[in-house]
């Protein structure tokens, strides 16, 4: 499907404003004359953004727990955003479903979203998690989140958990999120009174195929950060990593996916699988099909955003 977003290229004044935003130099973020910006954009070459998505339920005996967002949002007659997200639920789908309906609104409704962007995203994640713990899943059930907001030539990226976003630049994969694995944050978890352990030795083969003997917070959760999971909240956090990445002329496409894909495919393998496919929807379906061919048994969700 076509998102009808046009990205201006070679617009140095706009680039200066976004660099100021990334460096938290807020006085210069929007220190541009609107008419001057319009003239520069009109004179610049543009790239069209298209996106596609594909999802498939895994082989375990529970409902589909992945939810996605892949849409554009018109804020006013001049500003259009691309909104993309993967929410991979666990111990039920309620938290992921809530995130699908509420997280982007929470982010964009932060009063200082345009002036203190990174901190606004962090506050929105925290407020949404508080709402989840109060209204949706007080003790059991949780979800990952990887969110991307496309604004002009920049992607505002946030993530919690092990859903992942990568970008292809000239055919080379670059991971733009960090997988929040328990081992990488073991010191923090233990400082809060938790521990990191592996699954019990005696588990069924079907469960092992999906869960494996991977490190887990308090022997339960295979990630150090998540929404929900109230019974583990003293030892984990919903604090996201937030970054701003530039979309330039060398950027081919963006992939967001749940770990049902990343368990069986490296970042570069994902890029190589679809780099010759021009249609974003076809590319997303190809990635999911390849993950199934590689015997993934978990829920799989995938979004491909192409820059043409």
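A few comments on the model shown:
- Among the residues of region 56-76, those that are within 23 Å of residue 227 (Cβ to Cβ) and either over 15 Å from the mean Cα position of the chain (by Cα) or modelled with pLDDT under 95 (or both) comprise 56, 57, 58, 60, 62, 63, 64, 65, 73.
- Hits in region 237-255 - residues which are in contact with a helix residue (DSSP H, G or I) (Cβ under 7 Å, 6 or more places away or on another chain) and closer than 23 Å to residue 187 by Cβ: 238, 239, 240, 242
- Against the test of being in contact with a strand residue (DSSP E or B) (Cβ under 8 Å, 6 or more places away or on another chain) and either touching a residue at least 12 places away in the same chain (Cβ under 8 Å) or crowded, with 20+ Cβ neighbours inside 10 Å (or both), the options 57, 127, 118 yield a single qualifying residue, 118.
A quick yes/no check of all residues on (1) in contact with a helix residue (DSSP H, G or I) (Cβ under 9 Å, 6 or more places away or on another chain); (2) assigned to a strand (DSSP E or B); (3) at pLDDT 95 or above:
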site: 7; (1), (2), (3): no, yes, no
site: 16; (1), (2), (3): yes, no, no
site: 39; (1), (2), (3): no, no, no
site: 87; (1), (2), (3): yes, yes, yes
site: 92; (1), (2), (3): no, no, no
site: 106; (1), (2), (3): yes, no, yes
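- The residue that is farthest from residue 217 (Cα to Cα), among those in region 157-189 that are part of a helix (DSSP H, G or I) and touching a helix residue (DSSP H, G or I) at 6+ places or on another chain (Cβ under 7 Å), is 189.
The values are calculated or read from the model by the stated rules, or taken from the named source; none is laboratory data. In this text, all values refer to a predicted model and were calculated from it rather than measured experimentally. Cβ coordinates were reconstructed from backbone atoms using ideal geometry, including for glycine residues, and neighbour counts include every protein chain displayed.
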